[in-house]
Amino acid sequence: MELALGRERKKVVVIGGGVAGSLLAKSLQFLADFTLIDEKEYFEIPWASLRAMVEPSFAERSVINHRDYLTNGQIIASRAINVSDTEVLTATGRLIPYDYLVIATGHADRVPKTKTERLGQFQEENQKIRSANSILIVGGGPTGVELAGEIAVDYPDKKVTLVHTGSRLLEFIGPKAANKTLNWLKSRRVEVILEQSVSLNNISDGSKTYQTSEGGTFEADCHFLCTGKRLGSAWLKETVLENSMDGNGRLMVDENLRVKGRKNIFAIGDITNIPEIKQGYLAQKQALVAAKNLKLLLAGGKESKLATYEPHSVMALVSLGRKHGVAQFPLTTISGRIPGLIKSKDLFVGKTRKQLGLEPHPVHD
């Protein structure tokens, strides 16, 4: 009876409602006195945001209010600013006690607090694309490449230029996949400029001249910056976990995904120092391992039974518009419609919604 009233229930706090944090929250919400701390009121499927820029209605499915899947926990829409051995302090001044803590703050991303505001942002970005004749994309990682692909397919008459400082696109995967991607973009009349940068100082959107590091100039009506985001760990530097980070600002974790030296603090997702590429599907795998371990600990299980997480070899799927893609697997690289069928059509949005216990295609009144 006491357990039902919540008196004996352990307090679990998750900081960060991204790919990893949301899935873990959904998995544990009925097993503990549960709190999710996130500075926004929603979870956004990050790899779907580029499709939402060319098709804003797509975001109705890919931007999900935390309350839609987290029906039994407390949600605090605020930043965490400090962690002690027993409590989390939020930017709004609330102290949240915990028995178990999970840090899943990923990368720092400036996005609005509410779903309505975020959907409005996609509308604005879409209008920016629609009204431009020429578009500059800065950055040739997966974000820049996929945005270039989305625009080239949906708006084939627009002049798209992609500028990247590296010697090839998609440097996190092999050169074969990068070359296939470059050839696909060129076949869609995307101009790709490698080993150069663009100065965006004093530039505002609206038919501007941009200058490259080599001294070349070109015109573009608007630009999108698609370079890497900062890790969401700067706030930890003044906390009890300041010595638990490596030189890159990532939290060091053991094979059970616990922060090294801590029995009751876990870290999952991009913020960890696990030696593998940082991708959403791996963050989800980490969330499921951490959830399994927390379930064991909450039930009073033995630590010797904790599940371990093994780093994965490089496997990547990059969508190129709505029907094509490039896939790198451990032993082979393929491009064209087969990887497109795997990812590009729905971008795993239906699958991700199902993992959160939601309808893949919600029906609106």
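The values are calculated or read from the model by the stated rules, or taken from the named source; none is laboratory data. Bear in mind that the values here come from a model prediction, so they are computed numbers and not experimental data. No Cβ is skipped: glycine too gets one built from the backbone with ideal geometry, and neighbour counts run over all protein chains shown. For the accessible areas, the whole protein counts, side chains as well, though only heavy atoms, and no ligand, DNA or RNA atoms are used. Shrake-Rupley method; radii C 1.70, N 1.55, O 1.52, S 1.80 Å.
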Quiz item: To the nearest 0.05, how large is the calculated FRET efficiency for Glu255 and Glu214 if R₀ is 56 Å and r is the Cβ-Cβ distance?
Solution: 0.75
Practice problem: Measure off 7 Å from each Cα along the Cα-to-Cβ vector at Glu238 and Ser167, then give the distance between these two points in nanometres to one decimal. | Solution: 4.3
Exercise. Using the heavy atoms of the protein chains and a 1.4 angstrom probe, tell me the accessible area per residue for region 102-190 in square angstrom.
Key: 44
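Could you tally the net charge around Asp99, taking each other residue with its Cβ under 10 Å from the Cβ of Asp99, Lys/Arg +1 and Asp/Glu -1?
After counting each charged neighbour, the total is +2.
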Quiz item: How big is the gap, in Å, between the Cα center of region 181-247 and the Cα center of region 54-121?
Solution: 26
Self-check item: Heavy-atom surface of region 207-296, accessible at 1.4 Å and reported per residue (Å²)
Solution: 47
Practice problem: Please give the contour-minus-distance gain from Arg110 to Lys186: 0.36 nm per residue of separation, less the Cα-Cα distance, rounded to one decimal in nm. | Solution: 24.2 nm
Exercise. State, to one decimal in nm, how far the label point of Asn72 lies from the label point of Glu117, with both points 7 Å from Cα in the Cβ direction.
Key: 3.1
Exercise. With a point put 7 Å past each Cα toward its Cβ, work out how far Ile338 is from Ser84 in nm, to one decimal.
Key: 5.8
Exercise. Calculate, in nm to one decimal, what Tyr155 and Asn273 gain on full extension: separation in residues at 0.36 nm each, minus their alpha carbon distance.
Key: 38.6 nm
Practice problem: Give the angle, between 0 and 90 degrees and rounded to the nearest 10, that separates the Cα long axis of helix 280-298 from the longest principal axis of the Cα atoms of the chain. | Solution: 0
Exercise. Please check which bits of region 28-52 a label hung off Ala307 would reach, taking the label as a point 7 Å along Cα-to-C-beta and the cut-off as backbone N under 17 Å.
Key: 28-32
Self-check item: Surface share of carbon and sulfur [accessible, 1.4 angstrom probe, percent] for region 238-288
Solution: 42
Quiz prompt | Accessible-area composition of region 76-149, carbon plus sulfur, in percent [1.4 Å probe] | solution = 44
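Working out 0.36 nm times the residue gap between Lys10 and His361, then minus their Cα-Cα distance, what length gain in nm do you get to one decimal?
122.9 nm
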